[in-house]
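What follows is one structure encoded as structure tokens, with my remarks underneath.
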């Protein structure tokens with residue numbers, strides 16, 4: 001298991017709330033209907049909220065995709081075996097992926113002075129994210145976003161072989177999240193929170209479960225400074 005090289009990404013978790021539950025906060029759409037006839041009406045998270053799941057947000061993961069009432073699940077994966085090192089669920093908005101990544105990296109770097117790397121897609125190629133990662137002693141190996149703009153990465157990062165290696169390991173986190181949607185609604189806030197956590201765990205796929213005994217044995221050997229018996233490696 002790698003302690004130094006990671007990849008981060010987010011996945012959409014569709015809420016168990018229908019579009020017709022997304023009603024105006026001020027009641028201005030209270031026309032006596034059931035909310036099903038929303039086509040042609042301008043709706044946003046500032047002016048509307050779901051009557052059945054108020055924490056859900058209207059969100060789409062990328063341009064050209066359909067909007068859903070949803071949450072975002074976030075994962076931090078180590079780059080050697082693709083095992084999930086951290087995961088969390090947040091409300092869905094345009095900043096959540098980067099903010100969640102920094103929170104997970106901050107926890108990972110707690111009481112540590114070593115520098116680590118984190119790979120990510122081009123949505124993470126922002127000045128603020130890269131600067132905040134550096135403050136955490138993390139080198140951001142993000143895909144360069146040069147579509148109509150200049151990337152925030154320069155040769156100080158991209159010239160190193162480790163940058164290309166980090167990008168080549170992104171498939172590990174993409175196989176952990178299958179892109180499916182799970183319900184995440186319940187009656188109370190505490191129950192909703194618990195069910196959101198369960199939803200993201202159901203969506204995450206830890207690869208190579210048969211290899212876990214070997215990896216745990218290797219970690220114990222590393223911590224104790226001893227070698228790992230061959231029999232334990234094959235367990």
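Read-outs throughout are calculated quantities, based only on the coordinates presented, and are distinct from any laboratory measurement. If you're wondering where the values come from, they're calculated on a predicted model, not measured in any experiment. Neighbour counts run over all protein chains shown; Cβ positions are idealised from the backbone, glycine included.
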Quick note on 66, 135, 107, ordering by fewest other C-beta atoms within 10 Å, gives 66, 135, 107
Ranked on Cβ counts within 10 Å of their own Cβ, fewest leading, 151, 21 go 151, 21
Under the rule rounded for a/c under 1.5, else prolate if a/b exceeds b/c, else oblate, using alpha carbon gyration tensor axes a ≥ b ≥ c, the stretch 72-165 is classed as oblate
Placing each pseudo-label 7 Å from Cα in the direction of the beta carbon, residue 131 and residue 113 end up separated by a distance in nanometres of 2.7 nm
Given a Förster distance of 22 Å, the FRET efficiency implied by the Cβ-Cβ spacing of residue 25 and residue 67, rounded to the nearest 0.05, works out to 0.80
